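Structure record follows, encoded as structure tokens.
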Amino acid sequence: MFIKSAKNMKKAIYVLVVVSGLALTSCESKKQTSEKTDPKPLSAAEKKAGSEKWEATTDGIKYKKWAGSTEGKKVLAGAAKISKQVRDSTNMEAIVTALSLPPGSRLGFGVMVRINGEDYILNFGAEQANEFQQLHNLKVNDKIIIRSHFVSHAPKYSYPIVQGDYVELNSKIMYKRAPNKGGC
């Protein structure tokens with residue numbers, strides 16, 4: 001950009017300063033917001049009170065009923081069975097049992113797998129820009145190695161839900177979740 005006069009040069013510098021200031025302010029406000037929003041850890045009594053309050057709601061009552069049912073106990077036991085591997089993010093051997101999720105699932109892309117004799121939903125989330133292209137090549141009975149950092153459950157599903165972070169087939173990486181992008 002060629003600036004013809006000192007007046008135009010002052011305007012250009014002013015615009016650069018304002019834009020730079022906005023970018024820095026935005027970055028700093030994100031840092032301050034995250035620092036301010038870090039609440040103090042709840043005490044055991046506060047956690048218990050919050051839990052009891054939620055359990056008294058309609059959703060809490062439904063959940064407790066489900067958790068006490070045969071199906072709920074099976075799902076919770078399945079999640080507990082792999083909790084150590086999930087917590088440590090260690091390799092788990094899995095066999096692909098189905099290339100689609102149960103009917104009515106709203107979890108995005110995923111497959112059904114069997115780990116140590118138990119069935120699980122291996123969920124990857126909403127598909128964006130062929131992110132899971134290699135995973136579409138999986139076949140039923142493929143033996144894969146997976147890693148996860150999260151296992152969950154919901155009364156809607158008859159299986160624990162394992163978040164897929166890493167998938168390997170025949171020593172070849174088929175999928176590796178990109179780390180979260182965040183901050184300035």
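The values are calculated or read from the model by the stated rules, or taken from the named source; none is laboratory data. Remember, it's a predicted structure, so these values are computed and weren't measured experimentally. Note that we place each Cβ from the backbone using ideal geometry, even for glycine, and neighbour counts take in every protein chain shown.
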Quiz item: So which of V140, V75, V113 ends up being touching a residue at least 12 places away in the same chain (Cβ under 8 Å), in a loop (DSSP other than H, G, I, E, B) and of a type outside the set (D, E, K, R)?
Solution: V140
Quiz prompt | L101 vs. criteria surrounded by 14 or more Cβ atoms within 10 Å (Cβ to Cβ) and in a loop (DSSP other than H, G, I, E, B) | solution = yes
Practice problem: State which residue pairs qualify: first residue under 18 Å from I144 (Cα atoms) and inside the stretch 81-93, second residue in a helix (DSSP H, G or I) in any location, beta carbons under 6 Å apart, and separation of 6 or more residues or different chains. | Solution: M92/Q85
Exercise. From (1) part of a loop (DSSP other than H, G, I, E, B); (2) free of Cβ contacts under 8 Å to residues at least 60 places away in the same chain; (3) within 24 Å of K73 (Cα to Cα); (4) in contact with a Phe, Trp or Tyr (Cβ under 8 Å, 6 or more places away or on another chain), pick out the condition that doesn't hold for P155.
Key: (2)
Practice problem: Could you figure out which of (1) out of contact with any helix residue (DSSP H, G or I) (no Cβ under 7 Å at 6 or more places or on another chain); (2) under 15 Å from K74 (Cβ atoms); (3) not aliphatic (A, V, I, L, M) isn't true of Y120? | Solution: (1)
Practice problem: State all residues of the stretch 64-84 that are over 25 Å from I115 (Cα atoms) and surrounded by 12 or more Cβ atoms within 10 Å (Cβ to Cβ); if no residue qualifies, say none. | Solution: K64
Quiz item: In this structure, is A94 more than 20 Å from the chain's Cα centre (by Cα), modelled with pLDDT of 95 or more and of a type in the set (A, V, I, L, M)?
Solution: no
